[in-house]
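J.: Handing you this structure, nothing more for now.
The values are calculated or read from the model by the stated rules, or taken from the named source; none is laboratory data. On a predicted model such as this, the values are computed, not experimentally measured, just so you know. All Cβ positions, even for glycine, are placed from backbone atoms using ideal geometry, and neighbour counts span all protein chains on display. Protein only, heavy atoms only, side chains kept; ligands, DNA and RNA dropped before computing areas. Shrake-Rupley method; radii C 1.70, N 1.55, O 1.52, S 1.80 Å.
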Amino acid sequence: MDFIRNFPFFSIMLAMLSAIITSVLPKKAARILNGCAISVCILLNAAVLWLTLVTGESFTYTMGHFPAPWGNELRAGALEALMATVFSGVLLLSVAGGAGHIDLDIEESRVNLYYVMIDLIEGAMLAMLYTNDIFTGYVFIEIMTIASCGILMIRQIGRTTLAAVRYMIMSLLGSGLFLIGVVLLYDMTGHLLMEYMHESIAALARSGQYTLPLTIAVGLITMGLCIKCGLFPFHFWMPDTYGYSTPASSAILSGLVSKLYILMLIKVYYRVVGAEFIAASKILNVLFVFGLCAIIVGSVSAIRENDIRRMTAFSSAAQIGYIFVGIGLGTTAGMAASMFHIITHAVTKPLLFISASGLSDVSGGSKKFRDLQESGLRNRAAGLGFSVGSLSMVGLPVFAGFVSKILFASASVLNPHKMLPTLIVLAVSTVLNAVYFLRTVIRIYRPAEKRDGEPVYTERLAVRDQRAFVLCLTVFAAMNLLLGLWSTPVTAILTAGLNMFS
């Protein structure tokens, strides 16, 4: 069992080493190495999850055997290990499901560079989840930002370049605010390791010293990470970023990258600043209000779109609002609901984006709704996949999205002051979700209309012609059903992990 404590470090280094080797490999070898590296990371993190559940405790891994507070540390608990395992699995499936478009959208000489970026995302993701040092977290946030821009602009069409520049500007603004907040905290505490920083901040809070500077520092960190994850009103970069990149990139950026910034924010709240100070600062109330606004604005914006991928992108803005509403409730139940929805979103949004690409493939490459009519019949696997993802987002029973909404509603009851607005917005958003998602599902099965001067698409794709694509959608759909039908074990792990986390 003691040897398993090395696995968080091994998985991070494996991903980084794979990125170095992949940079000099041809396309096919780069794809194989990338798939093997991520698969091994899944197994390593699953072993860490098993260890933390068996022992009921988290553990720290001292880097280079230098003791704290001088050395660097990794920390693993049930929450970090669960997220690392699920996210690594989603990353592998997203790349596999979008592999066909990776070959079509990217020049052959640059495909290996795409897999280098994927390896960097894997390494940065694991480091952000496991690190016990706030400055190390910042370093890997920057690596994540650069790699994310890389998988976006590598397609090299005009819209992706523009989207990448906009995404980079917003991401760098968020990173800068995060770094300023970290510098202020370091100046007041003299520590970078989260445990020691937390002890110093707790002592300062008890003595009443530096209350305003501490609040400003936490506010800067919060704003920086909210910009990076796309919380309203910082969500305007999402439609172009998710809508014009290659499908695998859209799935990764929407399903994983934005959620990692939220998890880093939660780590700062719990492990660095402390839940008591956060509650006293009223920051959660601000996040709660912006979360409610994000749900409504994102849903209304999605209804107004006539492009399937831009509609799905605006839906992501709304789903991020759900997560922040749960955080803003300020209760353990609310946080557990947010964590569950992070997993729900991670397995649903890639399903939607990759399915949408399959529908577009049999519609002349168009993403417009008028051209997608009957595409669910021309590509049955994509149509079924998009339908499952849509029903989950609406909140139909047996799917993961239904459990998420039940958890949010149940958590709101524990906070009487925020219960009514939460329940109202949940109800309104469910109706709005049904409007744009079910409308799209109906449209992709509606018979195509013959229009003068416009082509009628008849191309069909069978399951045998897209085996990896179909396998990817099948696993994502199965994960949705498993989360919807057997949510209790997952929520139990999340609750145990939150107890270890704090």
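J.: Just the residues that are assigned to a helix (DSSP H, G or I) and of a type in the set (A, V, I, L, M, F, W, C), please, taken from region 408-420. Can you show your working first?
T.: Step one: of region 408-420, the residues assigned to a helix (DSSP H, G or I) are 408-413, 416-420.
Within region 408-420, Phe408, Ala409, Ala411, Val413, Met419, Leu420 qualify.
J.: Going by the structure shown, is Leu220 crowded, with 24+ Cβ neighbours inside 10 Å and closer than 17 Å to Asn285 by Cα?
T.: Taking the combined requirement at face value, the residue does not satisfy it.
J.: May I ask you to say which residue of Thr85, Thr131 is open to solvent by 10 Å² or more (accessible area, probe 1.4 Å), within 20 Å of the chain's Cα centre (by Cα) and under 22 Å from Val48 (Cα atoms)? If you could, list the steps in order and put the result at the bottom.
T.: Values: Thr131 fails: open to solvent by 10 Å² or more (accessible area, probe 1.4 Å).
Matching residue, one of Thr85, Thr131: Thr85.
J.: Being under 23 Å from the mean Cα position of the chain (by Cα), open to solvent by 50 Å² or more (accessible area, probe 1.4 Å) and of a type outside the set (Val, Ile, Thr) is the filter here; which residues of region 11-49 pass it? Walk me through it before giving the result.
T.: In the first step, residues of region 11-49 are kept if they are under 23 Å from the mean Cα position of the chain (by Cα); the result is 11-16, 18-19, 31, 34-49.
This time we only want the ones that are open to solvent by 50 Å² or more (accessible area, probe 1.4 Å), so: 13-14, 31, 36, 40, 43.
Correct list: Met13, Leu14, Arg31, Cys36, Leu43.
J.: For region 200-210, give me each residue that is polar (S, T, N, Q) and either buried (at least 17 other Cβ atoms within 10 Å of the Cβ) or in a helix (DSSP H, G or I) (or both).
T.: Step one: list which residues in region 200-210 are polar (S, T, N, Q), which gives 200, 207, 209.
Once the filter is applied, which keeps residues that are polar (S, T, N, Q) and either buried (at least 17 other Cβ atoms within 10 Å of the Cβ) or in a helix (DSSP H, G or I) (or both), region 200-210 yields Ser200, Ser207.
J.: If you don't mind, there's one more thing I want to ask. For Asn379, which of the numbered conditions (1) in contact with a Phe, Trp or Tyr (Cβ under 8 Å, 6 or more places away or on another chain); (2) open to solvent by less than 60 Å² (accessible area, probe 1.4 Å) fails to hold?
T.: So the condition that Asn379 fails would be (1).
J.: Just to confirm my filter: which helices (runs of 4 or more DSSP H) fall fully inside region 319-407 and include at least 1 residues that are at pLDDT below 90 and under 18 Å from the mean Cα position of the chain (by Cα)? Give the steps one after another, and end with the answer.
T.: Values: elements: 332-361, 375-378, 380-394.
In region 319-407, 332-361, 380-394 are the helices (runs of 4 or more DSSP H) which contain 1 or more residues that are at pLDDT below 90 and under 18 Å from the mean Cα position of the chain (by Cα).
J.: Suppose we keep only residues that are in contact with a Leu (Cβ under 9 Å, 6 or more places away or on another chain) and hydroxyl-bearing (Ser, Thr, Tyr) within region 176-199. Which one would you say is least open to solvent (accessible area, probe 1.4 Å)?
T.: Top of the filtered list is Thr189.
J.: Taking the stated definitions as given, is His191 modelled with pLDDT of 80 or more, not β-branched (Val, Ile, Thr) and not in a helix (DSSP H, G or I)? Talk me through it step by step, then tell me what you get.
T.: Values: modelled with pLDDT of 80 or more: yes; not β-branched (Val, Ile, Thr): yes; not in a helix (DSSP H, G or I): yes.
In short, yes.
J.: Please verify whether Leu79 is open to solvent by 40 Å² or more (accessible area, probe 1.4 Å) and modelled with pLDDT of 85 or more, treating the condition exactly as stated. Break it down stepwise before answering.
T.: Numbers: open to solvent by 40 Å² or more (accessible area, probe 1.4 Å): no; modelled with pLDDT of 85 or more: yes.
It is false that Leu79 is open to solvent by 40 Å² or more (accessible area, probe 1.4 Å) and modelled with pLDDT of 85 or more.
J.: Now a separate question. Kindly list the number of the only condition in (1) under 30 Å from Ala96 (Cα atoms); (2) touching a residue at least 60 places away in the same chain (Cβ under 8 Å) that fails for Ile227.
T.: For Ile227, the failing item is (2).
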